[in-house]
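Quick notes on the structure that follows.
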Amino acid sequence: MRSARVISNIKSSLVQTPAWQRLVVHHNDMQRVHMMDLFKKNPNRFNDFSLQFEGILLDYSKNIITSKTMDHLFYFARKQRVKEWRHKMFTGGNVNNTEGRAVLHTALRNRSGQPVMHNGKDVMPDVLAQLDKMRAFTDNVRSGEWKGYTGKPITNIINIGIGGSDLGPNMACRALCPFADGLRVHFVSNVDATQLSNRLAKCNPETTLFIVASKTFTTQETITNAESSKNWFLAHPDVKQSDVAKHFVAISTNKEKVEAFGIDPVNMFEFWDWVGGRYSLWSTIGLSIALYIGMDQFIEMLEGAHAMDEHFLNEPFDTNMPVILAMIGIWYGNFFGAESSAILPYDHNLRLLPAYLEQADMESNGKSVDRDGRQTTYSTGKIIWGAEGINGQHAFYQLLHQGTLLIPTDFIASVNNKSCNLENHGNILASNFIAQTEALMRGRDAKETRLQLRNAGIDMKEIEMHLPHMTFQGNQPSNSIVLDSLTPRSFGSLIAMYEHKIFVQGIIWNLNSYDQWGVELGKKLARNILDELEKGETLYEHDSSTEGLLQWFFNRRK
Ligand code: F6P
């Protein structure tokens, strides 16, 4: 745990609570247990530690847990008042206390017809009005009725945004590409002009529509990319200022800034400060998704997320997917000392899921002060990382199998992979998906390795030399999450499941998972340094490294 710079002297006492201490004692009993022995003792283990929700299987049996472990973890969750906080979130309470905001992304997918109250007002009419506006607009653009400045229909959409205004819609579009039926959708996030220039070079201004997506509409990268895109557009012959309205729309909570940028508020899609950026793909920020797959499919995605919300709200802890995943994560992070967790989708279309969850999880729970301003004395958010599973097998899995770190993993796959449609590919993919969790758990002991080498005709001397290198203990935990198939609905459920997992962990650690003060300082310092780079001289006081870097840029740039 980071220790050199303690910010607050008041310490949280979570680790002294009986619920925590029970888990400490239980961990002493469990830390040397091998999962293979747990499976030998209980042949019913798969049934005992798996559950289904609408065609999504969660198999969490390959974890270093017993039913006693889960009892202790659920007791801990009860003591941390997960139920009460869950209620508070769904009913518009002040969950984001440092910003004085509710956390109501669940209202965006509320399909129940029930009101959702916030500050004494039902938010649902506004939510539904924005959905109607999205439908009218997307139908218009997709049908070709919406025309560009030369009267041609739109063929390409460029979403300009970053963080939550990019990662969610980008991931969703990749995941749901089998449902796309016409428009091409692209995402530009980086202020490194390479990304925007490369994209613009391939687009025709007559048929390109830009979505400027920014909750605050002040994000430097997004506004810079949006201005450059507008300049590129206006630089084309015969383009008039008034044509901007046909090619630029905005999604934001900040009407004034949108107007100041030059986008007519009529072409602005709204959302609200009670939607966190990293939880916003369900809002109008999902406009690119709706343009790509159509509004009906977008609603399906909301339905899937809503179904998971209901599951999270109503299921008891021991059959509640987000709660189970969260508490298993707590078990490894706080008691086994795991520092990271890998997301391994065996589905090319889910390849952006790890990047999306990096933001969702690490921006939410990467905090060392609790919601009451006390320094935590326990570790909190883990490093979330990952990549497409099958590629990872030929890259970093060596460390998962034989390294010194405990790294809990989530393996994700679909039984019927709509786009993996070439003969044999699907079975190869699925066999690797299943085999890897087995291998991570089993490992290979000396006896088995010896036998294998002997059968391969290797002589005894060589066998003994190879033995330590080819033997490994296994016992690496994994969750397997298997979708019947990746559809807008199951995708919605999957993402909502992770959102709620993150929420539960934040509650356990007594964090505010919905602010992100940590990212502000870098932005502020970058503004100062930009000033210095533009003026070509140092204007602020810096340490010698920062000063040295600045001088390096001054002296060497051409
Ligand atoms: O800097 C971090 C952050 O504020 C994220 O939380 C957010 O998703 C991203 O920047 C983009 O913000 P905006 O949508 O306001 O442009």
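Some notes on this structure:
- Surface share of carbon and sulfur [accessible, 1.4 angstrom probe, percent] for the chain: 51 percent
- Taking all protein chains into account, the per residue accessible area for region 107-300 stands at 39 Å² (1.4 Å probe).
- Based on C-alpha pairs under 8 angstrom that are at least 6 apart in sequence, the chain has a relative contact order of 19 percent.
- For region 225-231, Karplus couplings with θ = phi - 60° (6.51, -1.76, 1.60), whole Hz, Gly/Pro x: 5, 5, 4, 5, 5, 5, 4
- Centroid-to-centroid separation of region 489-558 and region 353-386 [C-alpha atoms, Å]: 15 Å
- Projecting the Cα atoms of Ala245, Ile328, His306 onto the dipole axis of region 232-346, where Lys and Arg carry +1 and Asp and Glu carry -1 at the beta carbon, places Ala245 farthest toward the positive end.
- Its relative contact order, with pairs defined as Cα atoms under 8 Å and 6+ residues apart, puts region 107-300 at 28 percent.
- Rounded to the nearest 5, the antiparallel percentage of DSSP beta bridges internal to the chain is 30%.
- Which of Phe46, Met124, Gly277, positive extreme of dipole for the chain (C-beta unit charges): Phe46
- Sites listed here are trypsin sites (Lys or Arg not before Pro) in region 175-246 whose DSSP assignment is loop and whose Cβ has at most 12 other Cβ atoms within 10 Å: Lys202, Lys240.
- Relative to the longest principal axis of the Cα atoms of the chain, helix 544-556 runs at roughly 50 degrees.
- Overall shape of the chain was characterised from the C-alpha gyration tensor. The equivalent ellipsoid obtained from it has semi-axes of 42, 28, 27 Å, in decreasing order.
- Here region 233-391 has an Rg and Dmax of 20.7, 66 Å, counting Cα atoms alone.
The values are calculated or read from the model by the stated rules, or taken from the named source; none is laboratory data. Given the structure is predicted, the values throughout are model-derived calculations rather than measurements. As a convention, Cβ positions derive from the backbone with ideal geometry for all residues, glycine included, and neighbour counts pool all protein chains shown. With ligands, DNA and RNA removed, areas are computed over all heavy atoms of the protein, side chains included. Shrake-Rupley method; radii C 1.70, N 1.55, O 1.52, S 1.80 Å.
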